[in-house]
Amino acid sequence: MSGALAARFICVMYNRWGRIALALLAGAGAALVHPPFGFLPGLLGYPLLLLLADRAGGLKGGFWVGWLAGFAYFFIGCWWVAEAFLVNPAQAWMAPFAASLLPAGMGLFWGLAAMAYRWSKPNGVQRVLLFAALFALLEWTRGHVLTGFPWNPAGAGWAAGSAMSQFASVAGVYGLGLITVAAVSAFAPLMDAGPRRPRLIAAGLGVLTLAGLFAFGAVRLSSAKVVETPTLVRLVQADIPQDYKWSPEAYQAILGRYLELTARPAEALPDVVIWPEGALPTTANDLFASSDAQAVAAALQTGQTLLAGLSRGEPDPSAETGARYYNSLFALHDEGAAGLRIGPIYDKHRLVPFGEYLPLGDLMSRIGVRSLVHVPADFTAGPAPAPISLVNAPPVQPLICYEALYPGFTPATAQTRPAWIVNVSNDAWFGKTSGPRQHLNLASYRALETGLPVARATPTGVSAMIDPWGRIVEGRRLDPGQAGIIDVRLPEPASPTLYGRWGDLGFAVGLILMLTAGRRRAGNTGLAR
């Protein structure tokens with residue numbers, strides 16, 4: 001960049017309105033890296049944020065440029081949450097608040113990262129490492145504090161299954177984000193004054209780091225071979241819009257559509273049929289107490305297993321409604337003349353705030369806010385995720401909807417490691433927005449981190465079979481608006497990954513090293529601002 005252009009750019013940074021515009025641009029650019037956009041030049045939003053934080057007026061100024069960037073990032077990445085509140089007209093008034101308050105709250109983490117960076121009094125080219133480490137630390141915090149909301153972490157900007165995404169098998173999505181932000185932020189010192197050599201070296205190291213990520217991924221993918229197991233899985237996508245689902249007259253039509261897709265003839269009989277989260281607009285209690293349970297059994301053949309996402313209630317005199325309700329995945333095995341046998345039941349552990357339960361429920365209820373569940377009370381959280389055993393298929397780790405955002409929910413030791421992951425989700429709440437496509441990308445990172453295939457079933461898309469390297473098995477995908485089935489042989493797991501063995505240890509080591517190196521003074525390099 002010419003000296004005149006750099007000087008003009010810095011003048012804009014020192015202008016209040018210029019800083020606001022550039023901060024919003026930095027966050028928006030980083031957000032557009034994620035699906036469905038895939039705008040990779042948006043990665044330059046991270047070095048732009050670093051430069052803005054450098055020139056911010058103290059801790060307060062650092063916080064505000066970080067918050068503005070975070071607000072733009074999460075507004076673009078999460079605006080689709082408002083769609084869920086438009087399904088029920090009585091709750092539509094909450095949509096603008098959801099679309100604005102969520103990014104405002106998530107932006108606090110970016111603001112704190114930028115403020116911590118300013119507090120550390122960064123100096124020289126080493127500040128790139130300090131910025132990346134503090135940013136990654138606050139991203140990790142965002143994914144854990146108050147149950148966490150790890151939507152679109154920086155590392156997930158790389159399309160799952162690509163060469164650049166494969167490093168998640170070593171350090172997880174947070175470690176990949178740490179390396180990515182450090183690499184692209186290494187271009188920021190090019191805007192500094194002073195000797196060119198250290199600035200060019202920093203940028204060159206950034207390029208080499210990105211090239212190293214690509215080379216590692218390309219080598220890993222070159223030896224990635226999908227080996228099919230005998231287990232045949234059928235994913236059912238009925239394409240039931242959420243606003244249609246809960247009308248009483250629609251129940252039989254919805255049930256009929258699921259039964260027809262379940263029983264649809266094929267060249268080979270599926271061993272496992274998977275229905276999505278909340279497949280039917282009724283509870284499992286009511287389903288099993290009616291003749292519809294026999295209709296479900298009739299759609300299956302002897303020996304088949306149905307994994308069905310259904311809500312259920314359990315009597316509890318201490319509860320206000322007399323029962324506790326769970327968002328569950330049922331394993332139902334067809335035993336022929338003996339009918340359906342209810343096998344293991346997995347209860348969702350990590351619930352969606354405001355969607356499945358209300359934080360500060362009494363207060364929220366008094367001001368007219370309620371969760372989006374269609375049962376008499378909020379859902380209750382189940383125990384920590386653990387694999388379940390099936391009669392005719394390898395052990396599987398269920399993850400219901402939102403749980404697929406969280407690394408570390410699938411055990412990886414030889415004694416407890418399942419053979420695959422099933423992610424059932426009700427993305428119908430979000431229509432044909434960007435949300436379902438981003439959810440698919442995030443769920444695919446669980447395959448990368450664990451080396452396990454992921455079978456994903458949703459009512460309206462995207463349903464897919466994902467191989468252990470995070471790639472969608474060729475032709476095994478149903479997009480939003482499509483109805484149908486996917487019959488696919490379950491891929492064999494890959495070897496246990498380093499992330500599966502170590503968890504976030506590699507990320508923690510990298511974080512400590514970068515924080516240590518980033519705090520070193522540059523000395524008389526002429527790069528102090």
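What follows is calculated from the coordinates using simple rules that are stated; it is not laboratory data. Model, not experiment: these values are computed from the prediction. Neighbour counts are summed over all protein chains in view; Cβ atoms, including those assigned to glycine, are modelled from backbone coordinates with ideal geometry.
What to note about this one:
- Here's the picture: charge each Lys and Arg Cβ at +1 and each Asp and Glu Cβ at -1 in the chain, and of Phe330, Phe214, Val227 the one pushed furthest to the positive end of that dipole is Phe214.
- Note on segment 228-493: with charges restricted to the Cβ of Lys and Arg (+1) and Asp and Glu (-1), its dipole about the Cα centre is near 440 debye.
- Identified option (computed volume of the Cα convex hull per residue in Å³; candidates (1) 150; (2) 138; (3) 252): (1)
- Sequence ranges 400-406, 79-85, ranked by mean other-Cβ count within 10 angstrom, highest first: 400-406, 79-85
- Segment 106-152 and segment 266-313: distance between their alpha carbon centers, rounded to Å: 45
- What the Cβ-Cβ distance of Gln415 and Ala215 gives, at R0 = 45 Å and to the nearest 0.05, is a FRET efficiency of 0.85.
- Only Lys, Arg (+1) and Asp, Glu (-1) charged, at Cβ; the chain dipole about Cα centre in debye: 2980
- Relative contact order (percent, whole number), the chain, Cα cutoff 8 Å, 6+ residue spacing: 17
- Three-way shape call for segment 1-140 based on the alpha-carbon gyration tensor, with the a/c threshold at 1.5: prolate
- Cα gyration tensor category, rounded, prolate or oblate, for segment 128-211 with a/c compared to 1.5: oblate
- Computed per residue of the chain from DSSP H runs no shorter than four, each worth -39500 (n - 2.57), the mean residue ellipticity at 222 nm is -13000 deg cm²/dmol.
- Bridge type composition, segment 228-493 - antiparallel percent by DSSP, nearest 5: 65
- By the rule of a C-alpha distance below 17 Å, with chain neighbours fewer than 8 residues away ignored, the lysines paired with Lys121 are Lys60.
- Span-like helix criteria (full DSSP H runs; alpha carbon extent of at least 15 Å along the helix axis; mean Kyte-Doolittle hydropathy of at least 0.5) are satisfied in the chain by 3-14, 16-31, 58-78, 95-119, 127-142, 168-185, 196-222, 505-518.
- Cα gyration tensor category, rounded, prolate or oblate, for segment 228-493 with a/c compared to 1.5: rounded
- Taking amide H as placed 1.01 Å from N in the peptide plane, the amide H of Thr229 sits under 5 Å from that of Leu490, Glu492, each at least 5 places away or on another chain.
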